Amino acid sequence: MNSSTRELVTTLSAITHHAQQPDADVRSDSAANDPNPPPGVWHVIVGRLNEAVRVVVPPLVTLAVLIGIWQLATSAPGSSLPSPTTVVSETWELIVDPFYDHGGVDKGLFWHLLASLKRVAVGYSLAACAGVGIGVLVGHSVWAMRALDPLFQVLRTIPPLAWLPLSLAAFRNGHPAAIFVIFITAIWPIIINTAVGIRNIPQDYRNVARVLSFNGPEYLSHIMLPAAAPYIFTGMRIGIGLSWLAIVAAEMLIGGVGIGFFVWDSWNSSRISDIILALVYVGIVGFCLDRAIALLGRLVTRGTASG
């Protein structure tokens with residue numbers, strides 16, 4: 001390589017270096033002056049921990065205060081209710097072994113809760129299917145609303161346990177009678193909320209259905225149900241709570257395995273601590289059922305259902 005060639009190569013290398021250097025400087029200056037640099041892993045972890053603390057700590061503090069008040073109120077001699085420490089000591093075997101089964105109704109709390117949940121699952125599923133179907137009919141048809149809405153408003157005011165003697169007379173068995181009580185309790189909020197959702201479908205949605213020439217099934221699946229889904233799941237959340245209330249009350253009267261029967265049997269045996277423990281489990285299960293329906297609603301409606 002002669003001297004002129006070497007000089008040309010050197011000149012080209014220098015030009016290339018100076019052409020690339022400003023871009024690097026610009027990038028470095030941009031990164032230095034960026035007011036919102038990408039957070040590191042540590043910042044992400046700290047942020048999530050802070051969010052978890054804000055969600056978890058307030059209910060824990062409230063629970064601790066309530067337990068403290070309960071402990072102080074029941075610590076006096078001659079108190080008619082046991083203190084939290086007494087409840088834990090007297091029900092410790094039930095807490096550590098909820099799965100025992102000695103035959104008959106002598107079972108752990110897990111089996112009583114499972115029996116109640118099975119009844120709720122059947123009755124509530126029937127109520128959800130029938131409630132959505134009837135709600136769509138009432139919300140879509142003016143004649144159906146005029147014919148059925150007054151009847152529904154009357155029937156929904158009847159207390160759930162008032163249906164129990166009638167259902168026992170009809171089915172002659174406690175298990176289907178309890179399922180019917182759950183069904184008749186949960187169906188009303190589902191019907192009413194579904195009908196309201198159908199009646200509140202925006203007119204723009206109806207116009208789109210006309211433009212696209214949707215037939216009945218297409219209008220139902222593409223317009224009515226998606227638009228009314230937030231209302232439907234609101235009714236379903238109310239219904240699941242009422243179902244859980246109804247089954248506990250019904251099982252106190254029909255007997256057999258179930259958390260309601262466990263509470264009533266504990267009362268007859270003067271085991272107040274067992275009743276309190278059962279009520280704690282009832283509340284936790286009811287909370288989980290409500291959250292499960294709420295989560296399902298958010299997934300189906302993509303966040304538009306109430307949280």
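The values are calculated or read from the model by the stated rules, or taken from the named source; none is laboratory data. From a predicted model like this one, the values you see are computed outputs, not experimental measurements. A quick note on method: Cβ atoms are made from the backbone with ideal geometry, for glycine too, and the neighbour counts reach across all protein chains shown. Heavy atoms of the whole protein, side chains included, go into the accessibility calculation; ligands, DNA and RNA do not. Shrake-Rupley method; radii C 1.70, N 1.55, O 1.52, S 1.80 Å.
Quick notes on this one:
- Residues considered: ALA115, ALA128, ALA64. Of these, the only one that is loosely packed, with under 11 Cβ neighbours inside 10 Å, at pLDDT 90 or above, assigned to a helix (DSSP H, G or I) and among the hydrophobic types (A, V, I, L, M, F, W, C) is ALA64.
- Top-ranked residue of segment 254-303 - restricted to ones that are small (Gly, Ala, Ser) and part of a loop (DSSP other than H, G, I, E, B), ranked as modelled with the lowest pLDDT: GLY303
- Test result for THR185, assigned to a helix (DSSP H, G or I) and either among the hydrophobic types (A, V, I, L, M, F, W, C) or more than 30 Å from PHE99 (Cβ to Cβ) (or both): no
- Checked against the criterion of being aliphatic (A, V, I, L, M), part of a helix (DSSP H, G or I), within 23 Å of LEU117 (Cα to Cα) and modelled with pLDDT of 90 or more, segment 189-211 has at least one qualifying residue.
- Qualifying residue in segment 258-271 (condition: loosely packed, with under 14 Cβ neighbours inside 10 Å and hydroxyl-bearing (Ser, Thr, Tyr)): yes
- Every condition in (1) part of a helix (DSSP H, G or I); (2) open to solvent by less than 60 Å² (accessible area, probe 1.4 Å); (3) more than 27 Å from GLN71 (Cβ to Cβ); (4) not small (Gly, Ala, Ser) is met by LEU245 except one, and the failing one is (2).
- Among residues of segment 90-112, those that are open to solvent by 80 Å² or more (accessible area, probe 1.4 Å) and touching a residue at least 40 places away in the same chain (Cβ under 8 Å), counted: 2
- Criterion applied to GLY123, GLY139, GLY135 was being part of a helix (DSSP H, G or I), touching a Lys or Arg at 6+ places or on another chain (Cβ under 8 Å), under 21 Å from TYR231 (Cα atoms) and not β-branched (Val, Ile, Thr), and the one residue passing it is GLY139.
- Residue within segment 173-181 that is modelled with pLDDT under 95, open to solvent by less than 20 Å² (accessible area, probe 1.4 Å), within 30 Å of MET252 (Cβ to Cβ) and under 22 Å from the mean Cα position of the chain (by Cα) present: yes
- Test: residue in segment 241-263 that is of a type in the set (A, V, I, L, M), out of contact with any Gly (no Cβ under 6 Å at 6 or more places or on another chain) and over 25 Å from SER125 (Cβ atoms): no
- Scanning segment 67-88 for residues that are surrounded by fewer than 14 Cβ atoms within 10 Å (Cβ to Cβ), touching a helix residue (DSSP H, G or I) at 6+ places or on another chain (Cβ under 8 Å) and of a type in the set (S, T, N, Q) yields GLN71, SER79, THR85.
- Figure legend. Inter-residue proximity from segment 119-148: first residues within 15 Å of THR194 (Cα to Cα), second residues acidic (Asp, Glu) and in a helix (DSSP H, G or I), beta-carbon distance below 8 Å, spacing 6+ or different chains. Indicated pairs: VAL138/ASP149.
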